[in-house]
1. Once every DSSP H run of n ≥ 4 in the chain is given -39500 (n - 2.57) and the sum is divided by its residues, what mean residue ellipticity at 222 nm do you get, rounded to the nearest 500 deg cm²/dmol?
2. Could you work out how much longer the chain between Glu120 and Arg106 gets when fully extended? Use 0.36 nm per residue separation minus the Cα distance between them, nm to one decimal.
3. Using each residue's phi in the stretch 218-235, evaluate 6.51 cos²θ - 1.76 cosθ + 1.60 at θ = phi - 60° and report the 3J(HN,Hα) Karplus result to the nearest Hz, with x for Gly and Pro.
4. Which loop-located GluC sites (Glu not before Pro) does the stretch 106-212 contain, where loop means any DSSP state but H, G, I, E or B and the Cβ has at most 14 other Cβ atoms within 10 Å?
5. If you take every DSSP beta bridge whose two residues both sit in the stretch 92-249, what share of them, in percent to the nearest 5, is antiparallel?
6. Any chance you could run the full-extension gain for His190 through Glu218? It's 0.36 nm times the residue separation minus the Cα-Cα distance, nm to one decimal.
7. What full-extension length gain, to one decimal in nm, is calculated for Lys182 and Glu135 as 0.36 nm per residue of separation minus the Cα-Cα distance?
8. For Lys41, give me every one of the lysines with a C-alpha distance below 23 angstrom, ignoring sequence neighbours fewer than eight places off in its own chain.
Amino acid sequence: MRTLEMNSLEGKRLLALVRGGDYAHAGEEEAIDRVFANLPKRSGQWLLDVGCGRGGTADYVRRGGWGRVVGIDRDGDSLDEARSGYPGVDFVAGEVCDAPRLLSRRFAVVYLLNSFYAFEAQREALASLRRVAEEGARLLLFDYVDRGGFRHDPLVVNGRRILPHPIERDAICGELEETGWKLVSIEDLHEEYRRWYVGLVSRIEERASEIVGMGGEESLDHLRAVYRGILRKIERGLLGGVLLTGAAV
Ligand SMILES: C[S@@+](CC[C@H](N)C(=O)[O-])C[C@H]1O[C@@H](n2cnc3c(N)ncnc32)[C@H](O)[C@@H]1O
């Protein structure tokens, strides 16, 4: 079977089809509203969307009135689509660890929706993001969390590890502290993730013929394996979701 990389342009296009928008995170707009629920809306503040993908979240945040948004992502092809779809957002191509070199301003809010799990160098990423954050800036980290069993029983599809580095509760607190962030709160979203993946798995079936039309039978098989696989790990209590809030110190 040909391996479809879900973080590739093609993978994100298929995800946008089943998620009904340019989103590649659990819970789509409901999740964005949840992440930003307690964040004051200030037209003059700057927010950084890290691992912004196709830019749907960045534009939703901008339209919602939370402030002005810059997105950064290493996938230049996704950013080309983001730029043409969302001219109100600035998009910068590059690695998260290069953010201090690539970005010319500091941010009041730094947020990541389901991108941290993909970073090979999470500690370095947090340190880089601290360097582009204003004093007292807010960090919003929405991602998968290893509930204790995932690292010993990871999800592997076609020989590739899906969700390679979910948040590990024990490690993240120290990493934040060492990189100039203070942990403010951690909210479990395990039940929400379960519900969101039940919905996603059923939308894949509803749109099966369109998926085959876009990417062939192999893409449909791959999407099924990945998202049914994630749902099974959540249902078995190995994997969940969290919203972690931090502050720059
Ligand atoms: C699952 S997608 C999430 C996209 C977006 N946050 C959203 O909610 O739709 C993960 C994104 O992180 C990006 N990414 C992964 N590793 C990265 C890195 N080291 N530096 C910058 N971007 C990265 C990928 O290219 C991809 O667009």
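1. Numbers: 9 runs with 106 residues, N = 249.
Only helices count here, giving -13000 deg cm²/dmol.
2. Result for the pair: 2.7 nm of gain on full extension.
3. Couplings: 5, 5, 4, 4, 5, 4, 4, 5, 5, 7, 5, x, 4, 4, 4, 5, 5, 5 Hz.
4. Here the GluC sites (Glu not before Pro) that fit, given the DSSP loop and packing criteria, are Glu120.
5. Numbers: 19 of 26 bridges.
That works out to approximately 75 percent antiparallel.
6. Details: separation 28, 0.36 × 28 = 10.08 nm, distance 2.96 nm.
That pair, His190 and Glu218, stretches by 7.1 nm at full extension.
7. Working: separation 47, 0.36 × 47 = 16.92 nm, distance 1.16 nm.
Result for the pair: 15.8 nm of gain on full extension.
8. Partners found: Lys182.
The values are calculated or read from the model by the stated rules, or taken from the named source; none is laboratory data. Predicted model only: the values in this text are computed from it and were never measured. Note that each Cβ is placed from the backbone with ideal geometry, even for glycine, and that neighbours are counted across all protein chains shown. Each accessible area value is taken on the protein alone, full model and side chains, heavy atoms only, with ligands, DNA and RNA left out. Shrake-Rupley method; radii C 1.70, N 1.55, O 1.52, S 1.80 Å.
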